[in-house]
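Each remark here refers to the structure printed beneath this line.
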Amino acid sequence: MKILTLLGLFSACFLANSINIENSAGQFFSSGHTNNWAVLVCTSRFWFNYRHVANTLSVYRSVKRLGIPDSHIVLMLADDMACNHRNPKPATVFSHKNMELNVYGDDVEVDYRGYEVTVENFLRVLTGRLPPSTPRSKRLLSDDRSNILIYLTGHGGNGFLKFQDSEEISNVELADAFEQMWQKRRYNELLFIIDTCQGASMYERFYSPNIMALASSQVGEDSLSHQPDLAIGVHLMDRYTFYMLEFLEDIHPASKTNMNDLFKVCPKSQCVSTPGHRTDLFLRDPGSVLITDFFGSVRKVELTMDAINLTDPIKQMEEDPVNGEEQKEVYSYADQLPVSEIIHQKPKQKDWHPPDGFILGLWTLILLVFFKTYVPVIVFLLLHRQRAQEHFYTLNWRIFDALIKHETLNQRNKFTSLTA
C-alpha cells in the first residue's frame with residue numbers, strides 16, 4: 001500500500017513538472033520569433049534638444065543590457081551631444097541629474113549620425129531599399145521571424161514628426177513603410193514607441209498586422225521634459241522615457257513581466273500628458289507578450305569587459321562524495337548598470353562656495369575697520385592687483401555704461417525741449 005502511495009505521489013510530481021515545462025516551452029515559442037532587432041532614432045539637433053539624445057541612448061543601453069547585440073541595433077542620432085562645445089563634461093551624455101548616470105559610455109556604436117539622419121534614410125532602413133555599398137552595420141537584416149522594436153523621439157505635431165528642423169515624416173508615410181515591411185516579410189511582430197508631442201497621432205493610420213504601438217501623449221497634448229540640470233543648463237530626459245527606463249531597469253532576461261505592465265508606465269499624475277497605446281492590429285493578447293519579446297533577445301548575451309582565455313583546459317565536474325551526484329554551479333544574471341539605485345537615491349547636497357570677489361571684499365572691509373585708513377587697503381589691493389583689476393574693471397564698466405545712458409537721456413531731453 002505504501003509503495004502504491006509513493007508511486008502515486010511520484011507520478012503526480014512528474015506530471016506537474018511536465019505541465020510546467022510544456023507551459024514554459026509554449027510561452028517561449030508562442031511569439032514565433034527567432035531573433036530580435038531594434039531601430040532607435042533621435043530626430044533632433046541643437047544643444048537645447050539634449051534630452052532627445054539622452055532618451056535614445058537610455059533605450060539603447062536597456063536593450064543591450066537585456067541581450068540585443070550591437071549587430072542587431074540600428075542607432076540613429078541627429079546630433080553629437082557628447083562632443084558639443086557646450087558640454088561641460090566632454091564625451092558624456094547624462095540621463096539623470098547631478099551627472100550620476102552616463103548613458104554614452106565607451107562602447108556606443110552609432111550607425112547614422114548628424115546629417116545622415118533623414119526621413120529618406122530612415123525609410124530605406126525600414127524597407128531595406130539601401131544601395132549595395134551600404135555596410136551591414138547600417139542595415140536592418142530582419143526576416144519573417146524577427147521581432148522589431150522601433151523607438152522614435154523628437155519634436156512632432158498632429159500627424160507628423162520633424163527631422164532636424166528641416167523636414168518631417170507623416171503618419172501616412174510611416175504606415176506605408178510598415179506595410180512594405182509586412183509585404184516583404186521583414187518582421188514577425190513590431191513594437192512601435194514614440195516620445196513626442198501629440199505622439200498618438202503617429203499610429204492612427206497604421207493598418208498592417210502584428211503591430212503594437214505606444215505613445216507618450218494624446219492628440220492635442222505636449223510631451224513634457226524632465227530632470228533639469230543647472231550645471232549642463234538643459235533638461236536631461238523626457239518624462240515618459242525616464243519612467244519607462246525606470247521600469248526597464250527592474251526587468252532581467254528571464255523576467256515574466258508582460259506588455260500590460262508597460263502600458264501602466266508613467267500615468268498622467270507623473271507624465272502630465274496622457275500616454276496612449278494601440279493593440280487592435282496585434283494578433284496576440286498583450287497579457288501574454290513578454291517585455292523581453294521586444295526589449296530582450298532570444299539568444300542570451302552577457303556583456304563583459306574581461307578578457308576570456310579560450311585555451312583553458314576543460315574543468316571536470318566535481319562529484320558530491322555523499323550522494324555521488326555532480327555538483328552544478330548556480331548562475332544568475334548580474335546587473336549591468338546600477339540605474340535603479342541611482343534613480344531612487346536622494347540627490348547629493350552641493351557644497352556652498354562664496355560668490356566671486358567675496359573674500360577680497362571682506363578683507364578690504366576688515367582692514368578699513370581695523371586701521372581706519374586707506375593705506376593698508378591700497379597695499380592689500382596692490383598685492384592682489386590682478387583679481388582687483390578684474391572686479392574693478394567690471395564695476396567701472398557698469399558705472400561707465402550707466403553714465404552713458406544718463407548722458408544720452410539728458411541730451412534727448414534737451415533736444416525735445418528745443419524742438420518744442
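Numbers below:
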quantity	calculated
Verdict on MET99 being under 14 Å from VAL234 (Cβ atoms), of a type in the set (A, V, I, L, M, F, W, C) and crowded, with 21+ Cβ neighbours inside 10 Å	no
Helices (runs of 4 or more DSSP H) fully within region 166-285 counting 3 or more residues that are open to solvent by less than 20 Å² (accessible area, probe 1.4 Å) and not basic (Lys, Arg)	171-183, 239-248
Unique match (being at pLDDT 90 or above, out of contact with any strand residue (DSSP E or B) (no Cβ under 7 Å at 6 or more places or on another chain) and within 30 Å of SER255 (Cα to Cα)) among LEU149, LEU141, LEU123	LEU141
Extreme residue, nearest to ALA82 (Cα to Cα), among residues of region 112-130 that are touching a residue at least 12 places away in the same chain (Cβ under 8 Å), open to solvent by 20 Å² or more (accessible area, probe 1.4 Å) and not in a helix (DSSP H, G or I)	ARG113
Subset tally (residues that are within 10 Å of the chain's Cα centre (by Cα) and hydrophobic (A, V, I, L, M, F, W, C)) for region 229-251	5
Residues being closer than 27 Å to ASN98 by Cβ and touching a helix residue (DSSP H, G or I) at 6+ places or on another chain (Cβ under 9 Å) - total across region 194-229	10
Region 149-158, subset part of a loop (DSSP other than H, G, I, E, B) and open to solvent by 10 Å² or more (accessible area, probe 1.4 Å), residue nearest to VAL41 (Cα to Cα)	HIS155
Among residues of region 102-111, those that are out of contact with any helix residue (DSSP H, G or I) (no Cβ under 8 Å at 6 or more places or on another chain) and surrounded by 13 or more Cβ atoms within 10 Å (Cβ to Cβ), counted	2
Among residues of region 134-148, those that are small (Gly, Ala, Ser) and open to solvent by 10 Å² or more (accessible area, probe 1.4 Å), counted	2
Residue in region 168-185 that is of a type in the set (Gly, Ala, Ser), without any contact (Cβ under 8 Å) to a residue 24 or more places away in the chain and within 30 Å of GLY220 (Cβ to Cβ) present	yes
Some residue of region 32-44 being part of a loop (DSSP other than H, G, I, E, B), on the phi > 0 side of the Ramachandran plot and at pLDDT below 85	yes
Conditions (1) free of Cβ contacts under 8 Å to residues at least 12 places away in the same chain; (2) touching a Gly at 6+ places or on another chain (Cβ under 9 Å); (3) of a type outside the set (Val, Ile, Thr): number failed by LEU310	(2)
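The values are calculated or read from the model by the stated rules, or taken from the named source; none is laboratory data. Because the structure is predicted, anything quoted here is derived from the model rather than measured. Here the Cβ is made from the backbone with ideal geometry for all residues, glycine too, and neighbour counts use every protein chain on show. What goes into the accessible areas is simple: the full protein's heavy atoms, side chains included, and nothing from ligands, DNA or RNA. Shrake-Rupley method; radii C 1.70, N 1.55, O 1.52, S 1.80 Å.
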